[in-house]
Amino acid sequence: MPAHAFDHEAIIAVVEKAGQLVQRMRRDGLAPIQRKSSTIDLVTEADLASEALLREELQRLYPQVGFWGEESNQRPETEYYWLVDPIDGTTNFANNLPLYAINLALCQAEDPILAVTLQLPARLIYWAKAGSGAYQRDLDGSDMRLAVNQATNLRHTIVCTGFPYHRGESTDNNTNEISHFIPQAQSTRCLGSAALELALVATGALGAYWEGWLGPWDAAAGVLLVREAGGRVTDYAGNEWKIPGGLGLLADNGQTELHSAMLAGIQTARTHLTERKLPL
């Protein structure tokens, strides 16, 4: 079943329906917020409701396709499966910071082949199909094909990153890496949503994004967006990124000089660590 066999408009409609639910719950006020792996790893009732809606609607459309959501976190045994983050950027969402997303990828084995990322509350849609390009859909329904930027060095590049939930318990927490890039890049950013940071690499707004310890649901849709927009996504060792990830992620515009500088910077910064939570 190639990507073109799936109706991306029907899938986008499901993601938009989940977005409407999430926004309605945000307006109505959130119930007490739960914690997962740590006191700063949040899950809200809206995360759970969004995942339940996405599971139900997608399985109704394509009952033969498995489902792997962040909150239930059970990888299916099917070759094709949905990989879903019901709210990426939950901390932003829970604190009413208006930058979060619903993130969905259709995957075949280790590779995403269709992606939809819905930026909330702006309601911008980023979508891609393997071999067919990546697009941004604006509120008027028009699609614009995405392309990464052409920056070749860090001095002309805005780079972006995020930090793990264990950042208070371990020195392997991305502070070495960002300290390396702050004086070298045009600027550095941390937006709090891997899904949107990857989408912004695909649009050309960001030249590069890196982060360790992402879940596959954080990354899969954005990986396809970046690749279909002409960029490259690898792990921290320079190998092409594959599901489930787990060895760090570097996404950029694919320019050899920039990609090499980013990889070298990450690897150099990590050589000074006295402990490591990633193999590299």
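Just so you know, all these numbers are worked out from the coordinates, no wet-lab data involved. Computed from a predicted structure; not experimentally measured. Here the Cβ is made from the backbone with ideal geometry for all residues, glycine too, and neighbour counts use every protein chain on show.
Shape verdict for the stretch 154-270, please, from the Cα gyration tensor: rounded (a/c under 1.5), prolate (a/b greater than b/c) or oblate. It is rounded, given that a/c, with a ≥ b ≥ c, falls under 1.5.
Gain on full extension, evaluated as 0.36 nm per residue between H4 and T271 minus their Cα-Cα distance, stands at 91.8 nm. Each residue of the stretch 245-258 was assigned a 3J(HN,Hα) from its phi angle through the Karplus expression (A = 6.51, B = -1.76, C = 1.60, θ = phi - 60°), giving x, x, 10, x, 9, 10, 10, 8, 7, x, 5, 4, 5, 5 Hz with x at Gly and Pro. From a point 7 Å beyond the Cα of E79 in the direction of its Cβ, which residues of the stretch 4-33 have a backbone N at a distance under 13 Å? In the stretch 4-33, the label zone of E79 (backbone N under 13 Å from the point 7 Å along Cα→Cβ) covers no residue.
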